Amino acid sequence: MAGNSQRKGAMRNPGTKKGPTVGTGGARRKGLQPKGPTPKATERPHHPAARRERAAARRAEEAAGKKINKRTGVAATGRASGPRKRPTADGGGFLMGRNSVVEALRAKIPAKALYVQTKMEADDRWREALKLATAYRIPIMEVTRTDLDRMTDTGVHQGLVLSVPAYEYTELDELKTATVLVALDGVTDPRNLGAIARSAAAFGAGGIVIPSRRSTGVTPGAWKTSAGALSRVPVAQVTNLTRALQGLQKAGYAVIGLAANSGTSLQDLDPAVIGGNIVIVVGSEGQGLGRLVSETCDWLVGIDMDSKTESLNAAVATSIALHAASLARR
């Protein structure tokens with residue numbers, strides 16, 4: 001019967017209406033509305049300017065140590081953002097090794113940042129270094145061992161590296177209250193300076209005097225060897241060592257130079273002399289004391305030893321002389 005066909009597809013869906021539906025014109029009018037001014041380049045996420053701005057913000061955040069690792073509680077940078085070159089002379093650089101870093105932090109040296117190796121086995125010194133750095137508000141940066149090796153030129157850093165500014169030398173006049181001083185003439189190895197500082201701290205010397213030319217300064221290498229002793233023993237840097245020794249003589253110091261070819265033995269020196277206000281002068285291993293420095297010394301003494309041994313290391317000779325002075329004062 002016409003109009004009553006039940007064949008498939010012949011019936012209209014009851015939920016639809018024939019003809020246009022209500023509201024279609026409103027959707028079209030909405031599409032014609034203005035979208036406002038074009039956003040700035042830095043506000044468009046995929047624009048190169050926006051990417052550059054985000055990268056700069058990340059670098060600033062890493063340098064300030066604000067990205068904190070949730071597991072370790074220290075800043076995580078992935079790669080070290082600090083300088084990669086080995087420091088020069090005494091113009092600042094890196095202290096490496098757990099003892100050196102902890103001693104420097106205990107002495108409240110104004111450090112720039114503490115770099116900590118990721119996945120490093122913690123011990124008491126490691127934990128103390130982080131605790132002190134946090135207390136003194138020193139940025140803590142978590143980096144890989146590869147980064148630490150690159151920063152320290154493959155030095156023995158033991159997973160801890162402290163970035164420090166240039167060393168601040170003491171004025172020579174400030175050392176004149178000490179009973180025993182050490183002066184270095186032509187010692188160019190920073191490890192010798194560090195070892196001498198360690199002996200000076202052990203035997204009660206009040207300071208070290210070094211010339212500004214042809215001599216090592218207080219470098220990260222010297223800090224490392226001193227095991228923190230340079231934080232307790234001040235160092236004065238002078239333009240002319242001979243004039244500095246003459247000034248100390250006028251201040252009442254006896255200047256004792258260590259010379260391997262001297263006919264006088266350190267052991268034979270008058271206890272009243274070595275037990276008083278003295279300056280022990282040590283030369284380089286190869287050249288010894290310079291001519292003008294030798295002529296300025298009040299005494300030139302040697303150290304008794306086996307004839308088969310030609311000479312002693314500068315740091316070892318200084319340690320023996322400092323020990324003798326310590327016994328004389330007792």
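Within the set Lys108/Lys250; Lys112/Lys176; Lys176/Lys224; Lys108/Lys131, which residue pairs have Cα atoms separated by over 24 Å? Over 24 Å apart, Cα to Cα: Lys108/Lys250; Lys112/Lys176; Lys176/Lys224.
The antiparallel fraction among DSSP beta bridges confined to the stretch 172-329 stands at about 5%.
A cut-off under 12 angstrom between Cβ atoms defines the neighbours of Tyr253, and their net charge, with Lys, Arg +1 and Asp, Glu -1, is +1. Neighbour counting of Cβ atoms within 10 Å sorts the residues Lys224, Lys119, Lys112, Lys176, fewest neighbours leading, into Lys119, Lys112, Lys176, Lys224.
Backbone phi angles across the stretch 247-260, fed through the Karplus curve with coefficients 6.51, -1.76 and 1.60 (θ = phi - 60°), yield HN-Hα couplings of x, 5, 4, 5, 7, x, 8, 8, 9, 10, x, 8, 9, 5 Hz in residue order; Gly and Pro are listed as x. For Val281, the residues 5 or more places off, or on other chains, whose built amide H falls under 5 Å of its own are Ala183, Ile256, Gly257, Leu258. Whole-Hz Karplus ³J(HN,Hα) for the stretch 208-220, in order, using 6.51 cos²θ - 1.76 cosθ + 1.60 and θ = phi - 60°, x for Gly and Pro? Each residue's phi maps through the Karplus curve to give 10, 10, 10, x, 7, 10, 6, 7, 6, x, 7, 9, x Hz. By the count of other C-beta atoms within 10 Å, a proxy for reagent exposure, Tyr136, Tyr253, Tyr169, Tyr115 are ordered fewest to most as Tyr136, Tyr169, Tyr253, Tyr115. The loop-placed GluC sites (Glu not before Pro) in the stretch 145-212, going by DSSP, that have at most 12 neighbouring Cβ atoms within 10 Å of their Cβ come out as Glu168, Glu171. Listed by Cβ neighbour count within 10 Å, with the fewest neighbours leading, His323, His157 appear as His323, His157.
Only the coordinates and a few stated rules stand behind these numbers; no lab work does. No experiment lies behind these values; they were computed from the predicted model shown. Neighbour counts are summed over all protein chains in view; Cβ atoms, including those assigned to glycine, are modelled from backbone coordinates with ideal geometry.
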